[in-house]
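The values are calculated or read from the model by the stated rules, or taken from the named source; none is laboratory data. Computed from a predicted structure; not experimentally measured. Positions of Cβ are generated from backbone atoms using ideal geometry, with glycine treated the same way; all protein chains shown enter the neighbour counts.
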Amino acid sequence: MVKLRCNLLIGFALALLASVATADTQRWSPEKANAWYANQRWLVGSNYIPADAINQLEMWQADTFNPAQINMELGWATAAGMNTMRVFLHDKLWEQDAEGFRKRIDEFLTISAHHGIKPLFVFFDSCWDPNPKLGPQHPPIPGVHNSGWVQSPGTAGLADAANYPKLKLYVQGVVRAFANDNRILGWDIWNEPDNGKSAEQLAQVTTLLPQAFAWAREADPSQPLTSGVWHNEDWSAAKLNPVEKIQIEQSDIITFHVYDWPEVLESRIKQLQPYGRPIVVTEYLARGAGSTFDTSLPIAVKYHVGMINWGFADGKTQTRFPWDSWQKPYTGNGPTVWHHDVFHADGRPYRQAEIDQLRALTDAAQKSFNKARSKK
């Protein structure tokens with residue numbers, strides 16, 4: 001009887017330990033996610049790449065990584081009131097030189113922390129060139145929006161299931177290196193995973209996306225995971241497509257993209273509120289399409305939604321040019337209104353009134369945040 005009781009106690013203890021281990025790798029509860037969000041300042045920033053880099057590879061490769069440029073530009077961001085940046089990584093960088101890549105991420109985080117900025121890192125991306133290649137990147141195509149951006153893992157890497165263990169090593173290697181690093185805001189698993197995909201590729205994405213979430217969770221990060229929904233007109237639970245369903249059901253915090261009029265932004269926020277989780281816009285600002293600082297930021301303040309616009313400083317990505325530049329490059333005069341981006345390459349604001357608005361709103365939000373914390 002004593003032996004049986006002992007065995008039962010051991011079994012119970014092992015089961016309890018197993019349940020704790022499982023809990024640590026589960027999606028955050030809404031309560032945990034909202035408690036985390038309550039400890040963040042109002043999140044405002046840009047999708048960031050230095051002006052001297054055309055894509056993720058050029059930003060991070062050893063030969064072209066430029067800490068001085070990054071330090072200068074993040075100084076502009078802090079002066080404008082920004083406190084976060086969404087920053088893209090790439091699987092080929094880890095495969096090429098895992099330790100060097102980790103050290104450069106750490107250096108980037110040191111610079112970011114110096115400026116009071118917590119980045120949201122992105123692992124995978126389905127946008128633009130499906131055939132990424134390491135080494136020197138081609139120069140920008142004159143007058144064309146984002147002419148050198150590259151996908152991760154790319155068409156070949158996505159199609160080859162034998163490549164997935166390498167992708168797992170990449171995700172878990174990065175997360176484990178920084179799992180308890182409070183300089184990081186969170187992990188964006190995949191940018192627009194179903195963008196431009198064939199039916200066969202959609203099936204591959206639908207297989208890989210939940211695995212990528214699971215890999216990150218197994219590394220036990222202290223920061224939240226997310227992947228932002230970005231298209232279709234209704235994100236209520238009954239209307240989600242298979243990829244959106246994975247994104248919403250796996251994300252600790254809800255993120256989305258909106259390049260549209262302010263009333264569309266507000267309607268999207270209302271669609272996502274029933275999920276009961278913090279909400280952050282991880283792409284907006286297409287001035288010619290009706291998405292501006294002037295109209296979007298007051299709505300974000302009203303609903304306490306974080307806002308990360310596309311484009312920081314005018315540079316090699318050329319995202320001041322609108323999307324129609326793919327069909328008709330702006331090789332003569334530039335666009336009447338900049339599409340994305342906040343600063344000229346020399347640090348001058350594109351429009352000073354935008355910077356003044358950002359500064360005023362973030363200052364007010366910081367005062368409210370400080371007041372709330374002082375009452376705890």
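Any residue that is of a type outside the set (A, V, I, L, M) and part of a helix (DSSP H, G or I) - is there at least one of those in segment 313-321? Step through it out loud before you land on a result.
Within segment 313-321, the first condition is being of a type outside the set (A, V, I, L, M), and the residues that meet it are 314-321.
The next check asks that each one be part of a helix (DSSP H, G or I); those that pass are none.
No, because not a single residue in segment 313-321 is of a type outside the set (A, V, I, L, M) and part of a helix (DSSP H, G or I).
Which count do you get for residues in segment 43-64 that are within 20 Å of the chain's Cα centre (by Cα) and not in a strand (DSSP E or B)?
Total satisfying the criteria: 14.
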## Note on the structure
Within segment 65-82, the count of residues that are part of a loop (DSSP other than H, G, I, E, B), within 22 Å of residue 100 (Cα to Cα) and in contact with a helix residue (DSSP H, G or I) (Cβ under 7 Å, 6 or more places away or on another chain) comes to 1
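Here's the yes/no breakdown for (1) charged (D, E, K, R); (2) surrounded by 19 or more Cβ atoms within 10 Å (Cβ to Cβ); (3) in a strand (DSSP E or B); (4) modelled with pLDDT under 95:
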residue	(1), (2), (3), (4)
246	no, yes, no, no
252	yes, yes, no, no
255	no, yes, yes, no
259	no, yes, no, no
269	no, yes, no, no
273	no, no, no, no
282	no, yes, yes, no
288	no, no, no, no
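Of all residues in segment 182-233 being acidic (Asp, Glu) and either within 29 Å of residue 111 (Cβ to Cβ) or modelled with pLDDT of 95 or more (or both), which is surrounded by the fewest Cβ atoms within 10 Å (Cβ to Cβ)? Give the steps one after another, and end with the answer.
As a first pass, look at segment 182-233 and keep what is acidic (Asp, Glu): 188, 192, 194, 200, 218, 220, 233.
Still in the list and also either within 29 Å of residue 111 (Cβ to Cβ) or modelled with pLDDT of 95 or more (or both): 188, 192, 194, 200, 218, 220.
Working: 188: 28, 192: 20, 194: 22, 200: 10, 218: 15, 220: 14.
If we take residues in segment 182-233 being acidic (Asp, Glu) and either within 29 Å of residue 111 (Cβ to Cβ) or modelled with pLDDT of 95 or more (or both), then 200 is surrounded by the fewest Cβ atoms within 10 Å (Cβ to Cβ).
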### Query
Failed condition for residue 58, given (1) touching a helix residue (DSSP H, G or I) at 6+ places or on another chain (Cβ under 8 Å); (2) of a type in the set (D, E, K, R); (3) within 18 Å of residue 316 (Cβ to Cβ), with all others met?
(1)
### Task
Scan 85, 72 and give me the residue that is in contact with a Gly (Cβ under 9 Å, 6 or more places away or on another chain) and surrounded by fewer than 22 Cβ atoms within 10 Å (Cβ to Cβ).
72
#### Entry: Qualifying position, being in contact with a Pro (Cβ under 8 Å, 6 or more places away or on another chain) and buried (at least 23 other Cβ atoms within 10 Å of the Cβ), among 312, 321
321
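Here's the yes/no breakdown for (1) assigned to a helix (DSSP H, G or I); (2) modelled with pLDDT under 95; (3) charged (D, E, K, R):
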{"position": "308", "(1), (2), (3)": "no, no, no"}
{"position": "338", "(1), (2), (3)": "no, no, no"}
{"position": "346", "(1), (2), (3)": "no, no, yes"}
{"position": "355", "(1), (2), (3)": "yes, no, no"}
{"position": "363", "(1), (2), (3)": "yes, no, yes"}
{"position": "371", "(1), (2), (3)": "yes, yes, yes"}
{"position": "376", "(1), (2), (3)": "no, yes, yes"}
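Among residues belonging to segment 171-191 that are aromatic (Phe, Trp, Tyr) and assigned to a strand (DSSP E or B), point out the one that is nearest to residue 256 (Cα to Cα).
As a first pass, look at segment 171-191 and keep what is aromatic (Phe, Trp, Tyr): 178, 187, 190.
Right, trim to assigned to a strand (DSSP E or B) and you get 187, 190.
Values: 187: 14, 190: 12 Å.
Applying the filter and picking the extreme gives 190.
Restricting to segment 343-356, count the residues that are crowded, with 18+ Cβ neighbours inside 10 Å and in contact (Cβ under 8 Å) with a residue 40 or more places away in the chain. Before the answer, list the steps.
From segment 343-356, those crowded, with 18+ Cβ neighbours inside 10 Å are 343, 350, 354-355; that's our starting set.
Adding the requirement that they be in contact (Cβ under 8 Å) with a residue 40 or more places away in the chain leaves 343, 354-355.
Final tally of qualifying residues: 3.
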### Task
Sort through 160, 129 and tell me the only one that's farther than 24 Å from residue 43 by Cβ and touching a helix residue (DSSP H, G or I) at 6+ places or on another chain (Cβ under 9 Å).
129
### Message
Looking at the structure I just gave you, is residue 238 surrounded by fewer than 21 Cβ atoms within 10 Å (Cβ to Cβ) and more than 21 Å from residue 128 (Cα to Cα)?
### Response
yes
### Message
What's the number of the only condition in (1) out of contact with any helix residue (DSSP H, G or I) (no Cβ under 9 Å at 6 or more places or on another chain); (2) in contact (Cβ under 8 Å) with a residue 24 or more places away in the chain; (3) small (Gly, Ala, Ser) that residue 306 fails to meet?
### Response
(1)
### Query
List the pairs whose first member sits in segment 75-94 and is under 14 Å from residue 311 (Cα atoms), whose second member is modelled with pLDDT under 95, and whose Cβ atoms are under 6 Å apart, counting only residues at least 6 apart or on separate chains?
none
### Message
Against the definition (among the aliphatic types (A, V, I, L, M), touching a Phe, Trp or Tyr at 6+ places or on another chain (Cβ under 6 Å) and under 30 Å from residue 75 (Cβ atoms)), how does residue 300 come out, yes or no?
### Response
no
